[in-house]
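See structure below.
The values are calculated or read from the model by the stated rules, or taken from the named source; none is laboratory data. This is a predicted model, so every value here is computed, not measured. Neighbour counts run over all protein chains shown; Cβ positions are idealised from the backbone, glycine included. Heads up: the accessible areas ignore ligands, DNA and RNA and are worked out on the full protein's heavy atoms, side chains in. Shrake-Rupley method; radii C 1.70, N 1.55, O 1.52, S 1.80 Å.
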Amino acid sequence: MAKYQLRETALELLTRVGEQGGYSHVLLDQEMGKRHLSAKDGALLTEIVYGTLQNKMKIEYEIHPYLKKQKKLKPWVKWLLYMSVYQMRYLERVPDHAVIHEAVEISKKKAHKGISSLVNGILRNVQRNGVQDVEDIKDPVEKLSVETSHPRWLVNRWVKQYGMEVTKGICFQNLRHLPMSVRTQPLRISREAAMTELKSRGIQTEISRFSTQGFLITEGNILSDPLFKKGQVTVQDQSSMLTAEMMDLAPGLLILDACSAPGGKTTHIAEKLEDNGKVIAYDLHKKKAKLVDEKAKLLQLNSIQAAQADSRKLGEIHQRESFDRILLDAPCSGLGVLRGKPDIKYHKQEQDIFDLRRIQDDLLSSLAPLLKVGGKFLYSTCTIDQHENEEAIKNFLEQNKDFELDPAFKEDLPEFLRDSMGLSEYGLQIFPQQWDTDGFFLTRMVKRAK
């Protein structure tokens, strides 16, 4: 793809994400599939889109002096400026003159000469005179908010919950690339055999401490490798792998995965069961439940039964005390996965956290009767907000006296996590800066006889 077309595509994606609420990772995947981009072009497109989104608030602040006289600019013009300044400021291998030239050409194509002159003038000013310095911001919360492009309400919230130093770690880590991690399908290939085979094809790997099936891709493209295409390995973040590892699974158990799509945890559970037992997996949306089915088929797992249902109403489908284990990977704000989905931080509002918590509470209370006495209930989220995590579990335990936190939870954790700063009386909070993973929360409860 010509560089001009690539940047035009990046602008289209950014405008759709920023103004229409599209999901960056979904739109990028669709675009790369549709255009059959080379690895090099795909990497550059991803870098421009994600990098611009991750740094949008900072860039907006930096070029504000050049924009303050412009009363009303169309959204695409602003996004063209943001992505151009991102390339000029953060991508050393792209010459400034090339960025400016292509931005001007795009603006000529999309609008009249006045807009292209404006774009040219602002970018030339950035090139010659530099930008406004965030070090001039005196308020530490405001400075951190702008410097790392996180909304102020979110930074304020994390500072109140965890303090300034932990919040700084979260915010700066969210600007860094998330390493890709994968999980083997152990009934088809061992981790050692997979890593050896990948090495022979120039893909470098490193063992994960979170799962006996997991490893990191440190160099090379796993997505084009036969092991991935044939379902012998599957992409999953390391912290997410911890879920099935902590469910205390054994062959023959009956498992409920209440919010299962797209199926990463569901298939991991089936693997831990040695595909001997049953995993009943639900999702609220039929299309998403179908994704779980497709993933199970690709990984050649037969113990998974996926269907559409509202998991708050599963008591109408299943008898009380039916399941040996229940996983509720609850719908959440997603504030732990901002590295891979940076648009979330701009689309979410604080009220969303409270709205989601009501759904989490409903799911917990609706699913609890379906667990057998002595059975184990694992709750997880991909957020780092206490209201959705520790506070949700505290509230559930206060209202369900036949449940308690599993006394063996801490000792069953991998040794390196047993003294984690995120470990509390209600579970384990994993922060993205600790082990270079997504932010994640999980806990395990046991149902006692009443």
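If I filter the range 208-227 for residues that are in contact with a helix residue (DSSP H, G or I) (Cβ under 7 Å, 6 or more places away or on another chain), part of a strand (DSSP E or B) and open to solvent by less than 40 Å² (accessible area, probe 1.4 Å), do I get at least one hit?
Checked against the condition, which is being in contact with a helix residue (DSSP H, G or I) (Cβ under 7 Å, 6 or more places away or on another chain), part of a strand (DSSP E or B) and open to solvent by less than 40 Å² (accessible area, probe 1.4 Å), the range 208-227 yields at least one hit.
List, please: which pairs have Cβ atoms under 6 Å, are six or more places apart or on different chains, and start with a residue in the range 374-397 that is within 16 Å of ARG358 (Cβ to Cβ) and end with one that is aromatic (Phe, Trp, Tyr)?
Cβ pairs passing all conditions: THR381/PHE441; ASN389/PHE441; ILE393/TYR426; LYS394/TYR426.
Hey, does the range 235-244 have a residue that's open to solvent by 10 Å² or more (accessible area, probe 1.4 Å), of a type in the set (Val, Ile, Thr), outside any loop (DSSP other than H, G, I, E, B) and at pLDDT 95 or above?
yes
In the range 197-218, which residues are more than 30 Å from LEU335 (Cβ to Cβ) and in contact with a strand residue (DSSP E or B) (Cβ under 9 Å, 6 or more places away or on another chain)?
LEU198, LYS199, GLY202, ILE203, GLN204
Take GLU197 and decide whether it is more than 30 Å from LEU428 (Cα to Cα), in contact with a Leu (Cβ under 8 Å, 6 or more places away or on another chain) and either open to solvent by 40 Å² or more (accessible area, probe 1.4 Å) or modelled with pLDDT under 95 (or both).
Values: more than 30 Å from LEU428 (Cα to Cα): yes; in contact with a Leu (Cβ under 8 Å, 6 or more places away or on another chain): yes; either open to solvent by 40 Å² or more (accessible area, probe 1.4 Å) or modelled with pLDDT under 95 (or both): yes.
For GLU197, the condition - more than 30 Å from LEU428 (Cα to Cα), in contact with a Leu (Cβ under 8 Å, 6 or more places away or on another chain) and either open to solvent by 40 Å² or more (accessible area, probe 1.4 Å) or modelled with pLDDT under 95 (or both) - is met.
If you check ILE48 against the conditions, is it open to solvent by less than 40 Å² (accessible area, probe 1.4 Å), under 20 Å from the mean Cα position of the chain (by Cα) and more than 26 Å from ASP136 (Cα to Cα)? Lay out the reasoning, then the answer.
On the way: open to solvent by less than 40 Å² (accessible area, probe 1.4 Å): yes; under 20 Å from the mean Cα position of the chain (by Cα): yes; more than 26 Å from ASP136 (Cα to Cα): yes.
Against the criterion (open to solvent by less than 40 Å² (accessible area, probe 1.4 Å), under 20 Å from the mean Cα position of the chain (by Cα) and more than 26 Å from ASP136 (Cα to Cα)), ILE48 qualifies.
Please enumerate the residues belonging to the range 60-95 that are open to solvent by less than 50 Å² (accessible area, probe 1.4 Å), within 16 Å of ARG7 (Cβ to Cβ) and part of a helix (DSSP H, G or I).
TRP76, VAL77, TRP79, LEU80, LEU81, TYR82, MET83, SER84, VAL85, TYR86, GLN87, MET88
Could you please find all residues in the range 1-26 being at pLDDT below 85 and among the aliphatic types (A, V, I, L, M)?
The answer is MET1, ALA2, VAL26.
Looking at LYS265, LYS288, which is the one that is in contact with a Pro (Cβ under 8 Å, 6 or more places away or on another chain), assigned to a helix (DSSP H, G or I), of a type outside the set (Val, Ile, Thr) and surrounded by 15 or more Cβ atoms within 10 Å (Cβ to Cβ)?
One residue alone meets the criteria, LYS288.
Scan LYS110, LYS138 and give me the residue that is surrounded by 15 or more Cβ atoms within 10 Å (Cβ to Cβ) and either among the hydroxyl-bearing types (Ser, Thr, Tyr) or more than 23 Å from the chain's Cα centre (by Cα) (or both).
None of the others qualify; the one that does is LYS110.
Could you please find all residues in the range 113-135 being open to solvent by 60 Å² or more (accessible area, probe 1.4 Å) and of a type outside the set (S, T, N, Q)?
Residues satisfying the conditions are LYS113, ARG124, ARG128, ASP133, GLU135.
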